[in-house]
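Read through the structure below, which is laid out as structure tokens, and then see the notes.
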Amino acid sequence: MTFSIVNPESQKSQPFSPNLKCIPINDQIRELQTVIRDKNTTRSDFVFYAERLIRLVVEEGLNQLPFTPCTVTTPTGGTYEGLQYLKGNCGVSIVRSGEAMEQGLRDCCRSIRIGKILIQSDEDTHEAQVVYAKFPEDVAHRRVLLMYPIMSTGNTVIKAVKVLKEHRVPEENIILLNLFCTPHAATSVINAFPALTILTSEVHPSAPNHFGQKYFGTD
């Protein structure tokens, strides 16, 4: 079965929100997506190309954070009117696949604090259950970059966002960094949390669900 590329801008039949954002697509990104999806890709190549795509998504995710104007003095004594991030950001990875995105975030924000959520499905009910959650103590006052690379149904992300909201994180302060998501997952998360921002590289009917196993070498 062959699928075509689907992006939020061209998906007319789905009730997508403006808060679903896709990074600008070019041939380089299409190549990264292709290598990650290819069943014949070696693990070393998979990790290399996945980390390149992660870095691009993280960089674009940082563009969703608020900046404030600032003035600096240059080495020649001049002044420069620039920008700096407002303080109060953190990352949260959904274990285990979300941990693949942590280094990409640290490469861009060296001192950023990162929390974790472990969610597993109950064997009998298949309901998502929170096993572990650890956040910065002041997470309620931070903007959260939630990291989860593959979103097929949206159930795990919905549970993770509920946990963040239980810790008093405003919905509008959460930005989901994602590599691949299905239209169903995007719709489910948007309907559950309309103020949440989703940033992805691709909305596509088929998600590469082998990502975590391939990245960590457990396939």
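Structural remarks
- Hits in segment 110-139 - residues which are more than 15 Å from the chain's Cα centre (by Cα) and closer than 28 Å to Asn63 by Cβ: Arg110, Ser111, Ile112, Arg113, Ile119, Ala133, Lys134, Phe135, Pro136, Glu137, Asp138, Val139
- All conditions in (1) of a type in the set (A, V, I, L, M, F, W, C); (2) within 25 Å of Gly217 (Cβ to Cβ); (3) out of contact with any helix residue (DSSP H, G or I) (no Cβ under 8 Å at 6 or more places or on another chain) hold for Val47, with the sole exception of (3).
- Residue within segment 130-146 that is closer than 30 Å to Val35 by Cβ and either free of Cβ contacts under 8 Å to residues at least 40 places away in the same chain or aromatic (Phe, Trp, Tyr) (or both) present: no
Quick grid of which residues meet (1) surrounded by 14 or more Cβ atoms within 10 Å (Cβ to Cβ); (2) over 14 Å from the mean Cα position of the chain (by Cα); (3) farther than 19 Å from Leu146 by Cβ:
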residue: Ala50; (1), (2), (3): yes, no, no
residue: Ile54; (1), (2), (3): yes, no, no
residue: Asn63; (1), (2), (3): no, no, no
residue: Thr68; (1), (2), (3): no, yes, yes
residue: Thr74; (1), (2), (3): no, yes, yes
residue: Tyr80; (1), (2), (3): no, yes, yes
residue: Leu83; (1), (2), (3): no, yes, yes
residue: Leu86; (1), (2), (3): no, yes, no
residue: Gly91; (1), (2), (3): yes, no, no
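Let's see how each residue does on (1) of a type in the set (Ser, Thr, Tyr); (2) out of contact with any His (no Cβ under 7 Å at 6 or more places or on another chain):
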| position | (1), (2) |
| --- | --- |
| Glu81 | no, yes |
| Lys87 | no, yes |
| Gly91 | no, yes |
| Leu118 | no, yes |
| Ser121 | yes, yes |
| Asp124 | no, yes |
| Tyr132 | yes, yes |
| Phe135 | no, no |
| Val144 | no, yes |
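- Screening segment 154-217 for helices (runs of 4 or more DSSP H) wholly inside it with 1 or more residues that are surrounded by 18 or more Cβ atoms within 10 Å (Cβ to Cβ) and of a type in the set (A, V, I, L, M) returns the ranges 155-166, 183-192.
Values in this text are rule-based calculations from the coordinates and carry no lab data. Predicted model, so just to flag it, every value in this text is computed and none were measured. Note that each Cβ is placed from the backbone with ideal geometry, even for glycine, and that neighbours are counted across all protein chains shown.
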